[in-house]
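To start, the structure itself, in structure tokens.
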Amino acid sequence: MIKTPVFDVWTILPEVFLGGFAILGLLYEAFAPRSDRRVHLLLAISGTFASAAAAYALWTYSGPPTAMAGMVNVDRFSVFGRLLLVSIAAISLLLGTHYFSRDTKLYRGEFYPLVLFATMGMTLITAAADLIVVFLALEILSLSLYVLTGMTGRRGSNEAAMKYFLLGAFSSAVFLYGIAMAYGAVDSTSLAALAHGLSGQTGNQSIALLAVVLLLAGFSFKAALVPFHMWTPDVYQGAPTPVTGFMSAATKAAAFLALIRVFDVAFQPLTWNWVPLIWVIAAVTMVVGAVFAVAQSDIKRMLAYSSILNAGYILVGLTAANSVGIRAGMFYLVAYAATSVGAFGVVMLVSARGDELTSLDTYRGLARRSPFLAAIMTLFLLSLAGIPPAAGFIAKVEVFSAALHAGNWSLVLIGAITSVVAAFVYLRVVVLMYMEEPDGDGERDTAVWPRAVLAIPALGVLVLGVVPGVILKAIDAASVLRW
Amino acid sequence: MTAHILTITTFLPLAGVIVLLGGGRNLSDQITKLIAFLTTVATFVASLVIVGRFDTAVSGFQMVEHAAWVKSIGLSYLLGIDGISLWMVLLTTFLMPLAVLASWRIEKDVRRYMLAMLILEISVVGSFVALDLLLFFIFFEALLVPMYLLIGGWGGERRVYAAVKFFLFTMAGSAFLLLAILFLYSKSGASGQATFDLRSLVSVAGGLSAGTARWLFMGFFVAFAVKVPLFPLHTWLADAHTEAPTAGSVLLAGVLLKVGAYGLIRFNLALFPEAAKYFATFVSVLAVIGIIYGAVCAIMQTDIKRLVAYSSVSHLGFVVLGIFAFTRQGMTGGVLQMVNHGLATGALFLLVGMVYDRTHTRQLGELGGLAGVTPWLAGAFLFAVFASVGLPGLNSFIGEFLVIVGTFSVSHWFGSLAAIAVILAAIYLLWSYQRLAYGPVHEEHRALPDVSVREVAILAPILGLILVFGVAPRLLTDKIQPTTNAVVARVHPAHAQDAAPVLPPAAAPAEGSAP
């Protein structure tokens, strides 16, 4: 049946806005006599707001599940993803602006359009209904992130960007190979066609399994899952801190949302085959993340391993391979995003002007120097450790109970044990902040408005921990994938 | 108003938290302390209302408050109280103002200290009244953080080590607890909406196979055994007690350890009665080892605070032994002992703190002759020592007596061994008092001041209650018994047949009289 072409570009209006404002930003950077970060910020923030509004408008959409000739999905799952990602982007933009105002030598106007482009790739990937679109979106976000990582031109930053790029290019190739395999299995790259082909036994199962493995490897790279996590600590450490925060929260969210859609839709008929696979990856990821986090003496590297660890927990929820697990994973992503953006924001403010002081020793006696930062950092660390009343607790309860319900209790046991190990890691920072005396009175960042910005994720972590019901209902509605 | 008395009692300290947070750094230290004190006193008054409304005719939960909290995961705000938790709440709210008073000389970061105290009170009271398993777990986990900060921020020299050890031990235990809770929760989902409601989970747990129930029992047990602490999971306790500031030790011993013992009764026995019977001997052996081992360790200590800490291991062993005898006397005695230990050991820690404030040492070798220098302080110390030893007429006697009687009827061995420990307690406590109060006075201790008005205000209520509950234990047992009888009837119906009263009828005076 030939579909009549319809004008449905409004289904990707959120991406259009992000891309449009990014281009405006680029034009401004190119033609303005003197680049002003405030103009950039205004443009970029407007882009995120417009995109959020456009995404929100799609919440009540009830037309066919796919649009743009079957290339993108229109469902609440993608709306959820877009709103989450755009919020992360907005906070990161604000924090980034402060970062540049501290040291104008580091300032590059391209930061703003690049963040928007990366966000566009991320939001697109959550809506992709075809593996080709997934790949395109993946490349948009990856390329933007490579540049953002190396943007300040410091040595560590450049090295990180290079590393990220080389490994990322490799993983893209693997991913593309996976798409080829998927196409080989069912003669189509559309997720719906894959699902139909594989459930009706018309597709070639063994080639499809190869596709599962390769695609999983590709996603694992982006989501920082072991054994594809090697880049994470170096890149997190080398990248400018606001970029790290953005990357840790948003990339993970985008990668997982795409993973959920691809595996729970396209490869849903092969559930029995891929669940053991992610079971193993989840177990290894949690163990490696927790154990290596113990050995770190740099806060950004520590948070990088913590991000690996948390990716493992999200995967634990996904082993349930049902809507309960998806819901758990989605909630975890929101909780983790707020926590991670906030934690890296604190790291940014604590590291003294200009150079990145990110050794754990910098946190000695922080409670005395900046009680507010110490307090919200504690909240974020409690959330990472999964201790009530922070959001991380409810998130962990959700993923663990989803996995238990599916009978994966031994995986949950590993999760429980690694969370104790991890608690030690986070605790060490709390000890430094509250129980040690400050070494010296290093130059401090006392700006007020970035603190006000950080109050948003802090409040989010607290609210999600105390009254998770406010968002769980929406997540419930969004956890149904339409295809 | 009184319909929500449990909520009010639990969250009243929040008012103090808000005032302290709102006041910011404008509040002087004195005002901060005063606010914290008044808040805790108000909480105590609120908890008295609970006692007033308590109906002894009901053996189950009373004053139940129920509201959906997170509907989609079946988490509810469910509070209720029975004869066991009633006294645990009271003990907490009673000790709290005293602990605040005992912290009057804290000068470092007073506001943060008092915030930690108030948040601690919320989470402890909350864990005693929560009947939703996840809600309980939330309070149970939340109480770690303020206690951790109290030990680590205001403790002694090795405070950081002690705080981290305390946190990790408890956290490791509670990881298994969470796992077990979630397992039960996922089982409850088989018939409709999954729930964390203790009352419905009791029937869910009843439907599990014996093997599964035993595993889950262990999941709960490990978490609470760490908290109690039961041998061999007790090693965090000596460090935490020793390094914690006085108020921290008082609350650790007085209240936090009780959360563990309370959890054993409330959750392990209620949810898995069969598994509890299966493991009864195992647990009793651990308890007896703890009783003897704690006492022996206490004898060997030269640090008075560490000595009291080890005596806690021994005393809490009594509690667990009594509980796991599954007799009416044992169970009642165990609960009674929880309250009594909170008062007696709380008093001891307060007194040790007062001695330390004066002499700046806790080493028994560097103390001596205080009875001559500070007679009132030494007198109070002796009183608390007697209470802790279990002198008839003071509170601990009845509890220990009931535990031993209740255990003896089940196992002569356990009963006899526990009785020996009473003698050991007399050795280490009286010997330490002798070294502290008699003998030559150290030169620099000659001019020490005796108890101040503030210290009298701290000691008078707690020592008074020790006497009152020693003479009239029925004040406590009348409310405890209906609940403990019901628990015994559920776990070990055969033992519940015994019609003899746990304590002699009301008219008869309690054993012995005050010295």
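Starting from the Cα of residue B:45, step 7 Å along the direction of its Cβ; do the same at residue B:472; then give the gap between the two resulting points in nm.
So the label points at residue B:45 and residue B:472 sit 2.3 nm apart.
Would you mind counting up the charge near residue B:35? Only other residues with Cβ under 13 Å from its Cβ, with Lys and Arg at +1 and Asp and Glu at -1.
Computed value for this residue: +1.
Using a 7 Å offset from the Cα along the Cα-to-Cβ direction at both residue A:295 and residue A:173, what is the distance between the two label points in nm, to one decimal?
If labels sit at residue A:295 and residue A:173, their model points lie 2.9 nm apart.
Dipole magnitude of chain B about its Cα centre, charges +1 at Lys/Arg Cβ and -1 at Asp/Glu Cβ only, in debye to the nearest 20?
The calculated dipole for chain B is roughly 500 debye.
Which of B:372, A:470, A:345 sits closest to the plus end of the dipole of the protein assembly as shown, meaning its Cα is farthest towards the positive end, when Lys and Arg get +1 and Asp and Glu get -1 on the C-beta?
A:470
With +1 on the Cβ of every Lys and Arg and -1 on the Cβ of every Asp and Glu, and nothing else charged, how large is the dipole of the range A:25-136 about its Cα centre, in debye rounded to the nearest 20?
About 340 debye.
Are there any trypsin sites (Lys or Arg not before Pro) in the range A:21-67 that are in a DSSP loop and have at most 15 other Cβ atoms within 10 Å? List them by number.
A:34
Could you give the angle, 0 to 90 degrees to the nearest 10, between helix A:449-466's Cα long axis and the longest principal axis of the Cα atoms of chain A?
Between the helix axis and the principal axis of chain A, the angle is about 50 degrees.
Between the range B:224-263 and the range A:395-413, how many Å separate their Cα centres?
Using only Cα atoms, the two centres lie 30 Å from each other.
So what's the net charge close to residue B:482: Lys and Arg +1, Asp and Glu -1, counting the other residues with Cβ under 12 Å from its Cβ?
Counting the neighbours of residue B:482, the net charge comes to -1.
Working from Cα positions, state the angle (0 to 90°, nearest 10) between the long axis of helix A:205-223 and the longest principal axis of chain A.
Tilt relative to chain A: about 20 degrees.
When a/c is below 1.5 the answer is rounded, else prolate if a/b is larger than b/c, else oblate, so apply that to the range A:418-467 with a ≥ b ≥ c taken from the square roots of the Cα gyration tensor eigenvalues.
Oblate shape, in that a/c is at least 1.5 and b/c is the bigger or equal ratio.
With just the Cα atoms defining each centre, how far is the range A:140-155 from the range B:158-217? Give it in Å.
When both Cα centres are located, 45 Å separates them.
Among B:4, B:341, A:405, rank each residue by its count of other Cβ atoms within 10 Å, from fewest to most, as a rough exposure measure.
By the 10 Å Cβ count, ascending, the order reads B:4, A:405, B:341.
Can you tally the net charge around residue A:425? Count Lys and Arg as +1, Asp and Glu as -1, for every other residue whose Cβ sits under 15 Å from the Cβ of residue A:425.
Net local charge, residue A:425 excluded: +2.
Could you work out how far the C-alpha centroid of the range B:29-84 sits from that of the range B:363-420, in angstrom?
The distance from the Cα centre of the range B:29-84 to that of the range B:363-420 comes to 31 Å.
For a footprinting-style exposure proxy, rank B:108, B:479, B:71 by other Cβ within 10 Å, fewest first.
B:108, B:71, B:479
How far apart, in nanometres, would the label points at residue B:57 and residue B:489 be if each is projected 7 angstrom from Cα along the Cα-to-Cβ direction?
It works out to 1.5 nm between the two label points.
Where does chain A land at 222 nm, in deg cm²/dmol rounded to the nearest 500, when only DSSP H runs of n ≥ 4 count, each adding -39500 (n - 2.57), divided by all residues?
It comes out at -24500 deg cm²/dmol, rounded to the nearest 500.
When A:159, B:243 are ordered from fewest to most other Cβ atoms inside 10 Å of their Cβ, what list results?
Exposure proxy ranking, most exposed first: A:159, B:243.
So, R0 is 51 Å and r is the distance between the beta-carbons of residue B:210 and residue B:14; what FRET efficiency does that work out to, to 0.05?
Rounded to the nearest 0.05, the efficiency is 0.75.
Under the classification rounded if a/c is under 1.5, otherwise prolate if a/b is larger than b/c and oblate if not, where does the range A:376-421 fall, given a ≥ b ≥ c as square roots of the Cα gyration tensor eigenvalues?
oblate
Roughly how big is the protein assembly as shown's charge dipole about its Cα centre, with Cβ charges of +1 (Lys, Arg) and -1 (Asp, Glu), in debye to the nearest 20?
I would put it at about 360 debye.
Cα gyration tensor of the range B:1-106, axes a ≥ b ≥ c as square roots of the eigenvalues: rounded (a/c below 1.5), prolate (a/b > b/c) or oblate?
Oblate shape, in that a/c is at least 1.5 and b/c is the bigger or equal ratio.
Can you show me the helix-derived [θ] at 222 nm for chain B, built from DSSP H runs with n ≥ 4 at -39,500 (n - 2.57) apiece and divided by the number of residues, rounded to the nearest 500.
-23500 deg cm²/dmol
Please report, ordered by residue number, every helix of chain B (full DSSP H runs) that is 24 Å or longer along its axis going by C-alpha atoms and whose mean Kyte-Doolittle hydropathy reaches 0.0.
Sorted by number, the helices that extend far enough and score high enough are B:5-23, B:29-53, B:83-102, B:110-129, B:159-188, B:210-227, B:273-300, B:304-323, B:328-359, B:412-437, B:453-471, B:474-491.
Angle, helix A:391-405 long axis vs. longest principal axis of chain A, Cα atoms, 0 to 90°, nearest 10?
The answer is roughly 30 degrees.
Of B:423, B:142, B:302, whose Cα points farthest to the positive end of the dipole of chain B (charges on the beta-carbon: +1 Lys, Arg; -1 Asp, Glu; origin at the Cα centre)?
After comparing all options, I get B:142.
Over 20 Å intervals from 0, what percent of Cα-Cα pairs in the protein assembly as shown sits in each interval?
Cα pair-distance distribution for the protein assembly as shown, in percent: 14, 41, 30, 13, 2, 0.
Computed from the coordinates by the stated procedures, all read-outs in this text should not be read as laboratory data. Everything numeric in this text was worked out from a predicted model, so none of it was measured. Neighbour counts run over all protein chains shown; Cβ positions are idealised from the backbone, glycine included.
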